[in-house]
Amino acid sequence: MPPSRRVLHPTSVTAVTAPPGQSDAHAGTVVQPVSTGLTTVRGGRNRLTLLDVAQALGVTRTTVSNAFNRPEKLSVALREEILARSQQLGYYGPDPTARALRRREIAAVGVVFHHDLSFALTDPTAQAFLGGVAAELDRRQLALHVIPKMGRRVIWAAAFQSTADGLIVHAEIGPSVVRELQTMSKPTVLVDAQVEGVPSVLTDDRQGAEMAMRHALQSRPDRVVILGFEVSARRRSQATAGSDPPRSGYVGDERMVGYLRAAEAAGFPADRLHWVEVDDHFPDAAGDRLLALLPRLPIDARVAVVAMTDRMALSALEVTARWGRPSPVAVVGFDDIPAAAVAGLTSVRQDSRTKGERAVRLLLDDAGATSAPVPTELIVRKT
């Protein structure tokens with residue numbers, strides 16, 4: 001008589017152990033509905049353990065482990081049923097960070113970067129971040145893989161299939177890749193983005209932008225020009241309407257919300273805020289974009305400029321020195337790169353090197369931690 005196939009009941013099963021020498025793939029079962037007593041956890045790798053799932057499904061811990069780690073030991077149908085039922089419970093597999101550390105598997109860490117390789121190796125903020133990552137990896141004698149954007153988008157398939165054993169994702173995370181992050185088999189840490197169930201290193205961009213705008217408004221400008229990344233119309237509409245949008249995976253959105261909240265709190269008229277979008281691949285073009293705005297500004301207006309990066313702010317400083325009207329009453333950048341100090345630029349400092357170091361530590365040392373905040377600080381100089 002051929003062996004019976006194991007079938008998982010929609011609620012649970014009680015398994016009959018296979019006879020000695022018989023593989024799990026050929027074990028028979030007795031199907032008995034039972035109450036799981038578990039609450040499904042949505043959105044990401046969760047608090048359930050492999051043992052919790054085994055008890056809920058009425059199979060052995062080894063059977064569930066084999067479904068995730070040793071598929072050849074189970075029939076295809078049985079493995080698919082276990083994986084499907086596990087995901088219904090909110091379980092997406094054993095915690096990869098803990099597993100890799102137990103087995104000492106991590107020999108290389110990949111950084112998924114939000115710009116192309118030339119930007120990653122020349123931009124001061126990117127250099128500082130990668131320097132922090134490299135310093136931590138050097139100390140541990142681990143290798144670094146950099147996975148940059150290819151053109152305008154991150155090639156996620158390349159990231160997921162990379163030979164790196166763990167990933168630090170320093171890229172904007174949209175809804176389309178949340179599912180992949182939740183189910184991928186590599187230990188992962190996000191930088192400046194949030195996905196439930198995935199640990200992250202965060203700069204409070206809203207708070208930093210609020211500090212920048214408050215400083216600019218202290219100079220009593222008539223108009224404020226905001227040089228920034230492209231932001232979604234929906235997010236800008238939410239923030240302009242006075243609402244407090246939920247945290248986003250996009251740095252530009254977060255800084256925009258901070259600027260608008262500070263302006264609203266100070267009673268600054270929204271129609272005197274001028275948004276100038278700058279391609280984040282070409283921040284040094286911000287000055288030219290500012291010059292294009294001039295015809296819309298009164299010739300005698302007291303103008304303040306806040307910029308989402310120091311490179312944008314420095315570009316603005318360069319053109320305002322020769323734009324044929326009064327100098328801006330304030331110019332405030334973000335990042336506090338070395339060139340900001342040389343130019344006397346007021347800037348919001350975020351310690352990008354520390355951010356890189358903390359990302360590695362969160363990936364390798366702090367299993368179970370959910371976030372590692374990096375504070376911001378307003379550095380006031382001549383502007």
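Rule-based calculations on the coordinates, nothing more; no lab input. If you're wondering where the values come from, they're calculated on a predicted model, not measured in any experiment. Cβ placement follows ideal geometry from the backbone for every residue including glycine, while neighbour counts extend to all protein chains displayed.
Overview of results
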quantity: Amide H contacts of residue 167 (H built 1.01 Å from N, under 5 Å, at least 5 apart or other chain); calculated: 110, 188, 189
quantity: Local electrostatic count at residue 124 - Lys and Arg +1, Asp and Glu -1, tallied over other residues with Cβ under 10 Å; calculated: -3
quantity: Taking 268, 129 and counting other C-beta atoms within 10 Å, the order from fewest to most; calculated: 268, 129
quantity: Given charges at beta-carbon only (K, R positive; D, E negative), |dipole| of segment 205-379 in Debye; calculated: 440 debye
quantity: R0 of 45 Å, Cβ-Cβ distance residue 341-residue 76: FRET efficiency to nearest 0.05; calculated: 0.15
quantity: For segment 126-140, Karplus couplings with θ = phi - 60° (6.51, -1.76, 1.60), whole Hz, Gly/Pro x; calculated: 5, 4, 5, 4, 5, x, x, 4, 5, 4, 5, 5, 4, 4, 9
quantity: Stretchable slack from residue 230 to residue 371, in nm (0.36 nm times residue separation minus alpha-carbon distance); calculated: 48.1 nm
quantity: Residue 204 long-range amide H proximity, modeled H, under 5 Å; calculated: 374, 376
quantity: Distance between modelled label sites at residue 161 and residue 361, nm, 7 Å Cα→Cβ extension; calculated: 3.6 nm
quantity: Relative packing of peptides 292-300, 327-335, 305-313 - highest average C-beta neighbours within 10 Å first; calculated: 305-313, 327-335, 292-300
quantity: Efficiency of FRET between residue 274 and residue 121 - r from beta-carbon atoms, R0 35 angstrom, step 0.05; calculated: 0.55
quantity: Simple spin-label estimate for residue 84 and residue 140 in nanometres, 7 Å along Cα-Cβ; calculated: 3.8 nm
quantity: Neighbour-count order for 170, 215, 281, 145, fewest beta carbons within 10 angstrom listed first; calculated: 281, 145, 215, 170
quantity: Table column - 3J(HN,Hα) (Hz), segment 322-333, Karplus curve with 6.51, -1.76, 1.60, x for Gly and Pro; calculated: 9, 8, x, 8, x, 5, x, 6, 7, 9, 10, x
quantity: Residue-count net charge about residue 379 - beta-carbon cut-off 10 Å; Lys, Arg +1, Asp, Glu -1; calculated: 0
quantity: Pairwise FRET efficiency - residue 219 versus residue 296, Cβ, R0 = 25 Å, nearest 0.05; calculated: 0.80
